[in-house]
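See below for the structure under consideration.
Values quoted throughout were computed directly from the atomic coordinates according to the rules given, and no laboratory measurement underlies them. Quantities reported herein were computed from a predicted structural model and do not represent experimental measurements. Every residue, glycine among them, receives a Cβ derived from its backbone with ideal geometry; neighbour counts consider all protein chains shown.
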Amino acid sequence: MPPQSIFVGCCGFAVGRRKYYTLFDVVELQDTFYNPPDEAKLNKLRDEAPTNFKFTMKAWQAVTHPPSMRTWRRAKVIPPKDKWDKYGYLKPTKENFEAWEVIDKAANILQAEFIIIQLPPSFRFTEENLRNMTEFFSTIKPRNYLVGIEVRGDWREHETELKDVILRYDWLIHVVDPFRWSPVVKKDVTYFRLHGIGGAEVNYKYKYTDDDLRRLREKVLSTGSNVVFALFNNVYMRDDALRFKELVKS
């Protein structure tokens, strides 16, 4: 059976927000990754958006990326240097769980459908990382939203271990770029992030062809899920997402 609902949008507002709301029915917020989410801004976004508009959000990098990584150069709030080893990589530390409480609160203010945990390529498969991931997910208590985990690198060679973690939690979804990987577990909801074709992990400058989008439609229709999110994350995301949305309608 094809999905009952397909939500198409962009990773970030590709045009002014008022215009965006008329073009798409979902957006994945990116600002929430770089700094602790701004509660006032999230309230404003929820109030101004149409009632049925869907928000998803990236998790604050405090829980995924150690502060020594380059992504923190854009951060306005940086943890004390003597605690850098307590942050990132889903370590089950007091500091990471406190950061998650901030993310959880933001998601509920926004009434988000998803929190996306995007892990860096340096988060490779190791027994320690697997153990940390398992303990982290065993401790947090998601409310009213799903959690998507996007891993890269050599995790493709360890699908069994990743599958074991994802199967433990109804609220945990394996997020993938469908042109690079398929979810290791099929669930009622599928979440695709489209980073462009080519390159080791991403190719943001790629513009999807009509044939690419037809292939994507087939991937979406064959997920076996009732609900599918397709979020474009490339330079041409506005145009590509609009073209795909029209293709899905047809």
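Within segment 4-54, take every residue that is touching a residue at least 12 places away in the same chain (Cβ under 8 Å) and among the small types (Gly, Ala, Ser) and give me the one that is surrounded by the fewest Cβ atoms within 10 Å (Cβ to Cβ).
Among those residues, the one meeting the criterion is SER5.
Within segment 1-33, track down each residue that is under 21 Å from LYS187 (Cα atoms) and not in a strand (DSSP E or B).
Residues satisfying the conditions are MET1, PRO2, PRO3, GLN4.
Has segment 88-98 got any residue that is among the aromatic types (Phe, Trp, Tyr), under 21 Å from VAL147 (Cβ atoms) and surrounded by fewer than 16 Cβ atoms within 10 Å (Cβ to Cβ)? Give the derivation first.
Of segment 88-98, the ones among the aromatic types (Phe, Trp, Tyr) are 89, 97.
From the residues that got through so far, the ones that are under 21 Å from VAL147 (Cβ atoms) too are 89, 97.
Checking the rest, the ones that are also surrounded by fewer than 16 Cβ atoms within 10 Å (Cβ to Cβ) come to 97.
Yes, that holds for at least one residue.
Considering segment 19-36 alone, what residues qualify as being out of contact with any strand residue (DSSP E or B) (no Cβ under 7 Å at 6 or more places or on another chain) and closer than 18 Å to ILE115 by Cα? If you could, list the steps in order and put the result at the bottom.
We begin by selecting, within segment 19-36, every residue out of contact with any strand residue (DSSP E or B) (no Cβ under 7 Å at 6 or more places or on another chain); these are 19, 21-23, 31, 34-36.
Answer for segment 19-36, where residues must be out of contact with any strand residue (DSSP E or B) (no Cβ under 7 Å at 6 or more places or on another chain) and closer than 18 Å to ILE115 by Cα: ASP31, TYR34, ASN35, PRO36.
Can you pull out the residues in segment 102-117 that are part of a loop (DSSP other than H, G, I, E, B) and surrounded by 23 or more Cβ atoms within 10 Å (Cβ to Cβ)? Before the answer, list the steps.
Within segment 102-117, the first condition is being part of a loop (DSSP other than H, G, I, E, B), and the residues that meet it are 111-113.
Correct list: ALA112 only.
Check segment 88-97 and report whether any residue there is within 25 Å of TRP72 (Cα to Cα), touching a helix residue (DSSP H, G or I) at 6+ places or on another chain (Cβ under 9 Å), assigned to a loop (DSSP other than H, G, I, E, B) and charged (D, E, K, R). Talk me through it step by step, then tell me what you get.
Filtering segment 88-97 for residues within 25 Å of TRP72 (Cα to Cα) gives 88-97.
From the residues that got through so far, the ones that are touching a helix residue (DSSP H, G or I) at 6+ places or on another chain (Cβ under 9 Å) too are 88-97.
Keeping just the survivors that are assigned to a loop (DSSP other than H, G, I, E, B) gives 88-93.
Then keep just the ones that are charged (D, E, K, R); that gives 91.
Yes, segment 88-97 contains at least one residue that is within 25 Å of TRP72 (Cα to Cα), touching a helix residue (DSSP H, G or I) at 6+ places or on another chain (Cβ under 9 Å), assigned to a loop (DSSP other than H, G, I, E, B) and charged (D, E, K, R).
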